[in-house]
Amino acid sequence: MIDPRVASGLRDIPPSVMIPRERMLATFRQTFASFGYVPIETPHIERMEVLTGKGAGSDEVLRQIFEVINKGGEAGKLALRFDLTVPLARFVAKHINELGTPFKRYAIGSVFRGERPAKGRFREFAQCDFDTVGTDSVVADAETAQVIYAALSSAGVPPFTITLNNRKILDGLLDALGVADKTGPVLRSLDKLAKAGREKVLAELQRGEEGSTEGVLTADQAQQVLDFVEQGRGRAEVLSRVEERLGSHPRAAEGIANLRQILDLLDAAGLPETSLQLDLGLARGLDYYTGVVFETTVNGWERFGSISSGGRYDNLASLFIDRRLPGVGASIGLDRLLALLEESGSLRGTSTTVPILVVNFPGVAPSIPVKLAARLRRAGVGAEVFPESIQVGKQMGYGSTRGHKFAVIVGPDEAEKEVFNLRDLATRQEQKAIAIAALESTVKQALGVGA
């Protein structure tokens, strides 16, 4: 017999997780649409040159690409997408004339990375992306943080913090140190700071990334970079310290001004100050970010990493088109978020999609429960009929285990009198002999929904 286990880094998703997952997805879609984003879909498989073009992703990500070879096909031609942003750049480059700008899209789907499996990290996982393409406006930058906040809040995610930085500030720092040509490897090293710690990042900055033949920075330069980015987290006070150090550098000054404007716009939008902070060490490892960058963590669960991240990428579409198409957006990592909620006990799991179980009582014609369930569905209440007329207690156990809230019961006596009983499956309390004519209104009242 074949072993039914799944491959390493992949997993089956049971109903107890899949049902809240679907509800969360519906919330995200509704939030994205409320800001004017429209849905698109791109293929799971892209041409290799699309995914590996210069600037498409960091070397670390590109090493994790899953190559696809169809029977009789040629190696190195096709691969599974590793994110939804590079396919977006290809999509807008191909369709921008009919789309117009600004173009606001959202996309939800699986992406694939051959990274080492760990808690909250999978080789196939769902991303929920939204982006605005074709504008440099700081309004679009600020809106990205607004959407993150609205989506996660509406989905009932525990208190979280959206952290911001601007890559132009880090670019300005490295230029001031005379190492502007080392921006890529330095930022990829800084991206590991929260997990690896100062000493490991300091060592990597001096010796270079794995496979490198020379150090990235001198010991003094590495110390200065880490001292700068570890000035603390906050808001106005952080920008004031940066301005003292780099305010005269034109590129850094652009980044400082951008962050000030974003914070002002987010205040105007009503985002609470407690949900926002600046972090000069936030770099985001992907090479295509050019301006503001975002990361979001659940308070007290930072070890799980970011549940939503993104930023501005002004040059990504240049891989595919001569026309400049600046963009900004973010992605919510649905599966990492669900793994966090599951471990924290915040995931309210259930194995049913409906609140009502209609009992198939022994000795009662099955047409009766079928008819009652159909009436409830027409009234907008989900209902499931137990398929077999087995012992009623076993049917009650089925409903309790799967998370039904109430059971509608019609036995032979109730059928003769045209009444039903309504049992609360959590408390086992039962309302008896309710007129079947009042089925819809009684059930809705018990569920606390409008009659």
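The values are calculated or read from the model by the stated rules, or taken from the named source; none is laboratory data. Since this is a predicted model, take the numbers as computed values, not measurements. Note that we place each Cβ from the backbone using ideal geometry, even for glycine, and neighbour counts take in every protein chain shown.
Assorted remarks:
- Those residues of segment 175-196 which are among the aliphatic types (A, V, I, L, M) and crowded, with 21+ Cβ neighbours inside 10 Å, in sequence order: VAL186, LEU187, LEU190
- Subset tally (residues that are within 23 Å of ALA151 (Cα to Cα), of a type in the set (Lys, Arg) and touching a Lys or Arg at 6+ places or on another chain (Cβ under 8 Å)) for segment 73-129: 1
- When restricted to residues that are surrounded by 13 or more Cβ atoms within 10 Å (Cβ to Cβ), within 17 Å of the chain's Cα centre (by Cα) and over 27 Å from ILE65 (Cβ atoms), segment 3-29 contains 8.
- Residue among VAL61, VAL86, VAL92 that alone is crowded, with 18+ Cβ neighbours inside 10 Å, under 15 Å from TYR313 (Cβ atoms) and at pLDDT 90 or above: VAL92
- Residue list for segment 399-427, restricted to those being at pLDDT 95 or above and on the phi > 0 side of the Ramachandran plot: GLU418
- Test: ALA75 is among the aliphatic types (A, V, I, L, M), assigned by TED's automatic domain parsing to the domain that holds SER153, surrounded by fewer than 18 Cβ atoms within 10 Å (Cβ to Cβ) and within 30 Å of ARG348 (Cβ to Cβ): no
- When each of GLU98, GLU74, GLU46 is tested for being touching a helix residue (DSSP H, G or I) at 6+ places or on another chain (Cβ under 7 Å), acidic (Asp, Glu) and either assigned to a loop (DSSP other than H, G, I, E, B) or at pLDDT 90 or above (or both), the lone residue that passes is GLU46.
- Among the residues making up segment 112-145, a single one is surrounded by fewer than 20 Cβ atoms within 10 Å (Cβ to Cβ), in contact with a helix residue (DSSP H, G or I) (Cβ under 8 Å, 6 or more places away or on another chain) and more than 27 Å from ILE13 (Cβ to Cβ): VAL139.
- Checked against the criterion of being part of a helix (DSSP H, G or I), out of contact with any Pro (no Cβ under 9 Å at 6 or more places or on another chain) and in the same structural domain as TYR149 (by TED's automatic domain parsing), segment 318-330 contains one or more residues that satisfy it.
- Scanning segment 204-237 for residues that are under 30 Å from PRO272 (Cα atoms) and modelled with pLDDT of 85 or more yields LEU226, ASP227, PHE228.
Listed here are the residues, each with its yes/no results for (1) touching a Phe, Trp or Tyr at 6+ places or on another chain (Cβ under 7 Å); (2) surrounded by 21 or more Cβ atoms within 10 Å (Cβ to Cβ); (3) of a type in the set (Phe, Trp, Tyr); (4) more than 30 Å from ILE96 (Cβ to Cβ).
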| site | (1), (2), (3), (4) |
| --- | --- |
| PRO326 | no, yes, no, no |
| GLY329 | yes, yes, no, no |
| LEU341 | no, yes, no, yes |
| VAL385 | no, no, no, yes |
| SER389 | yes, no, no, yes |
| TYR398 | yes, no, yes, yes |
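- Failed item, numbered, when ALA365 is tested on (1) in a helix (DSSP H, G or I); (2) free of Cβ contacts under 8 Å to residues at least 60 places away in the same chain: (1)
- Test for ALA107: is it assigned to a strand (DSSP E or B), under 16 Å from the mean Cα position of the chain (by Cα) and either in contact (Cβ under 8 Å) with a residue 60 or more places away in the chain or surrounded by 15 or more Cβ atoms within 10 Å (Cβ to Cβ) (or both): yes
- Residue selected from segment 407-445 under the condition of a type in the set (Asp, Glu) and outside any helix (DSSP H, G or I), by the criterion nearest to GLN395 (Cα to Cα): ASP424
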